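Participant: Submitted below is the structure of interest, expressed as structure tokens.
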Ligand SMILES: Nc1ncnc2c1ncn2[C@@H]1O[C@H](COP(=O)(O)OP(=O)(O)O)[C@@H](O)[C@H]1O
Ligand SMILES: [Mg+2]
């Protein structure tokens, strides 16, 4: 059952929304007003029946008020899909996305088109709700929901961290739209922006030193067409020195309060900025190439973090660029590492192409065996995964 609420004094728009909602399961509650209350509680406390999934703001509401309202809804009721009826100019669309509006509809849209927007908004609200960690699973001290922090790491460069991190983000964006942020912690030579074809004005340099309340944080993020956000590396590698590890740790903490998934792409090795995030990370994805130095490097990395008691709760070992012609086998890799490989990604001809185009494989529906492996990796972050039979958690990976 989906539940809808509408705020508008525009009778014509209300009529079309009523028609649209009539053919969908769930009830519609309308507030006839051409203004928004100062507090979202004034609306939420008046809702009757089950909690709502989709909130629609009519075209007669001022955009400034709508965005402020959306930010508060996003922070306190993050699963609710908020739709605003306004002409989607590029500027307005950007402000809308930043504020937490999940969709814009044209004020004159017919009921059929409104229906498909409502349907999609309800589906994404349902999946966000399903992806939210169950209450009580996070430390008692945190009153608000807490996102899953996934660090993608490897001791060596060029093994596929950025490729994998960006694809995880795009894949999770389908499970939790607008609730995924990818952070580029390769502060000197980060290329998340290029992998996602973004050219953001603001970067992690601004974010790590500015105010970190929900509203300010969103202004540092670059929205990506796959319904995810990116916090990109500084444009100038020299700026990396201006960013303190404490600033990064604080930033990640604030992002985790607002987003369901925080994917951290990292620089090779165990730099101080990466270490500063690890005690908050719930997951680490270890990326290993199919060559002896890469495997040995990963083994040392695991040992060092183990000694430092800094290993996050969930470990995912990915063997990337797997190829039978390397002279070593999956079994060799596992024997050296001393831990099982969870996901094998075959060497692919298309991946370098998608890197160069700035379009992740999972964005453009690439047909390539590597996509199956990427999906398998993303499945490991679904909320239901941990409830699976634990024998399967580290089931032996395989590849041809
Ligand atoms: N499975 C794969 N098969 C073929 N090429 C790959 C694969 N994974 C990554 N690559 C390519 O390797 C290069 C380096 O990957 P990248 O993700 O930038 O590595 P890192 O972030 O670890 O330095 C990129 O051009 C990328 O497209
Ligand atoms: Mg990289």
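Participant: For segment 4-131, what's the relative contact order in percent, using C-alpha pairs closer than 8 Å and at least 6 residues apart? Mind showing how you got there, number by number?
Facilitator: Numbers: 206 pairs, mean separation 36.2, N = 128.
After rounding, I find 28 percent.
Participant: Additional query: Hey, if you drop one equal point scatterer on each alpha-carbon of the chain and run the Debye formula without solvent, what base-10 log of I(q)/I(0) do you get at q = 0.14 Å⁻¹?
Facilitator: Cα-only, vacuum Debye calculation for the chain: -1.21.
Participant: How high is the FRET efficiency from residue 68 to residue 106, r the C-beta distance, R0 22 Å, rounded to 0.05?
Facilitator: E between residue 68 and residue 106, to the nearest 0.05, is 0.50.
Participant: Return 156, 242 ranked ascending by Cβ neighbour count within 10 Å, so the fewest neighbours appear first. Could you put the intermediate results ahead of the total?
Facilitator: On the way: 156 19, 242 13.
With the sparsest Cβ surroundings first, the list reads 242, 156.
Participant: Compute the whole-percent fraction of alpha carbon pairs in segment 31-108 spaced more than 21 Å apart.
Facilitator: Details: 584 of 3003 pairs.
So the portion of pairs separated by more than 21 Å is 19 percent.
Participant: Take the alpha-carbon centre of segment 258-335, take the same for segment 89-129, and report the distance between them in whole Å.
Facilitator: First find each Cα centre; the distance between them is then 38 Å.
Participant: What does the helix-only formula give at 222 nm for the chain: each DSSP H stretch with n ≥ 4 adding -39500 (n - 2.57), the total divided by the residues, and the result rounded to the nearest 500 deg cm²/dmol?
Facilitator: -12000 deg cm²/dmol
Participant: Separation between the residue 206 and residue 272 pseudo-spin-labels, each 7 Å from Cα along Cα→Cβ, expressed in nm?
Facilitator: Once both label points are built, they end up 2.6 nm from each other.
Participant: Right, another one. Where Rh is the Kirkwood radius over the Cα pairs of segment 73-119, the temperature 10 °C and the viscosity 1.306 mPa s, what D in µm²/s does Stokes-Einstein return?
Facilitator: The Stokes-Einstein estimate is 141 µm²/s.
Participant: Which three lengths, in whole Å and largest first, does segment 230-354 cover when its Cα atoms are put on their principal axes?
Facilitator: Computed over segment 230-354, the largest-to-smallest principal extents equal 44, 38, 30 Å.
Participant: Right, next: Which values of log₁₀ I(q)/I(0), to two decimal places, follow from the Debye formula for segment 287-327 at q = 0.17, 0.18, 0.19 Å⁻¹ with a uniform point scatterer at every Cα?
Facilitator: Summing over Cα pairs of segment 287-327 leads to -0.51, -0.56, -0.61.
Participant: How do 276-285, 17-26 rank on mean C-beta neighbours within 10 Å, highest first? Provide the component values of the computation, followed by the final result.
Facilitator: Working: 276-285: 20.4, 17-26: 16.9.
The most tightly packed comes first, giving 276-285, 17-26.
Participant: Mind jotting down the distance between the C-alpha centroids of segment 194-214 and segment 2-16, whole Å?
Facilitator: 36
Participant: So what is the relative contact order for the chain, in percent, with contacts set as C-alpha pairs under 8 Å and at least six apart?
Facilitator: 15
Participant: log10 I(q)/I(0), Debye, Cα-only segment 336-375, no solvent, q = 0.15 Å⁻¹?
Facilitator: Log10 of I(q)/I(0), two decimals: -0.41.
Laboratory data are not the source of any read-out in this text; all were calculated from the coordinates shown. Owing to the predicted nature of the structure, the values given are computational and were not obtained by experimental measurement. Note that we place each Cβ from the backbone using ideal geometry, even for glycine, and neighbour counts take in every protein chain shown.
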